[in-house]
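Everything below concerns the one structure shown next.
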Amino acid sequence: MRHHLVRTQGITGRSESQQHVLSAFARTVVPLLGRLTVTTGAARTVAPGSIVAPNHTALADPGLVLAALHRLGVEPVVLATAGLWKVPVLGRRLTREGHIPVHRGSRSAAAALDLAADALAAGRVVVIYPEGGLPRRRDSADHGPGAFRTGLARLALTTGAPVVPLGHAGARRIVSGGRAKQIAGVLTAPLRRPDLHVHLGEPVHLTGDIDEATAHARTAVEAAWRQAVGRLPSSRNASLPRT
């Protein structure tokens, strides 16, 4: 299967005031922390009204996802932890840009999917992390996606929106391990310049019941992740990590 390498470094004709704060931060910071490359399938972009489903492996990976989407001209709505809305100024900005807080473990968590459905109906691209939280690991190796929660499948089945699987690799080379190691990783990343890669797979339409749709989505995201790992120079002459 032929993959397209995205070479554009930004979007021309777009003023700074029009750029979302999360995307602007990601496109500025990520190139300082590592060497990011992006590939896509035949679609080469993300259609309006699509759901982007990335694997979730490190604190740094939302930056990789947003920086990659920015290169494709996409400013998505992100379902993110509600804690960000408690940060002064940032919370108001996130609300104004349409991002959606997720109150994990509360009764209001399901309301986030209703807001996401509204955003899709308005033609926005929505990013949702189907694994939910981060893996409980301290090593810096890339591993495949873990178990998926049902939110992605419920959103896709309810709205009929296509799901774009997104796989990324290298984020744990920026930040992983305990608190001290995480801080050290971020501080030394500009010197180490780890390789980072994001691959957007072909859109899929989920069908069947919740379990079938969830399994289909996980298979698609794992395939995109394997493409991303395979693009890292350090992985080209080695077998892929186990899931």
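Condition first: basic (Lys, Arg) and either part of a helix (DSSP H, G or I) or surrounded by fewer than 16 Cβ atoms within 10 Å (Cβ to Cβ) (or both). Now tell me which residues in segment 80-129 satisfy that. Quick ask: steps written out before the conclusion?
Going through segment 80-129, the residues basic (Lys, Arg) turn out to be 86, 92-93, 96, 104, 107, 124.
Matches in segment 80-129: Lys86, Arg92, Arg93, Arg96, Arg104, Arg107.
The helices (runs of 4 or more DSSP H) found wholly in segment 139-241 and carrying at least 1 residues that are buried (at least 20 other Cβ atoms within 10 Å of the Cβ) and of a type in the set (Phe, Trp, Tyr) occupy 210-231. Looking only at residues of segment 37-64 that are open to solvent by less than 10 Å² (accessible area, probe 1.4 Å) and in a strand (DSSP E or B), we find that the one that is farthest from Thr219 (Cα to Cα) is Val38. The set of residues in segment 56-93 being touching a residue at least 60 places away in the same chain (Cβ under 8 Å), more than 28 Å from Asp142 (Cα to Cα) and either in contact with a helix residue (DSSP H, G or I) (Cβ under 6 Å, 6 or more places away or on another chain) or of a type in the set (Gly, Ala, Ser) (or both) consists of Arg93 alone. Does Leu69 meet the test of being under 25 Å from Gly160 (Cα atoms), open to solvent by less than 20 Å² (accessible area, probe 1.4 Å) and not β-branched (Val, Ile, Thr)? So Leu69 passes the test.
Just one of (1) farther than 26 Å from Lys181 by Cα; (2) open to solvent by 10 Å² or more (accessible area, probe 1.4 Å) fails for Val77. It is (2).
Every residue, every condition in (1) within 30 Å of Leu32 (Cα to Cα); (2) among the acidic types (Asp, Glu); (3) in contact with a strand residue (DSSP E or B) (Cβ under 7 Å, 6 or more places away or on another chain), yes or no:
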residue: Val126; (1), (2), (3): yes, no, yes
residue: Gly151; (1), (2), (3): no, no, no
residue: Pro165; (1), (2), (3): yes, no, yes
residue: Ala180; (1), (2), (3): yes, no, no
residue: Pro194; (1), (2), (3): yes, no, no
residue: Val198; (1), (2), (3): yes, no, yes
residue: Leu206; (1), (2), (3): no, no, yes
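When the criteria are applied in full, Ala26 meets the requirement of being of a type outside the set (Val, Ile, Thr), within 22 Å of Arg172 (Cα to Cα) and modelled with pLDDT under 85.
The values are calculated or read from the model by the stated rules, or taken from the named source; none is laboratory data. Nothing here was measured: the structure is a model prediction, and the numbers come from that model. Note: ideal-geometry Cβ built from the backbone for every residue, glycine included; neighbour counts use all protein chains shown. When the accessible area is computed, the model is the full protein with side chains, heavy atoms only, and any ligands, DNA or RNA have been set aside. Shrake-Rupley method; radii C 1.70, N 1.55, O 1.52, S 1.80 Å.
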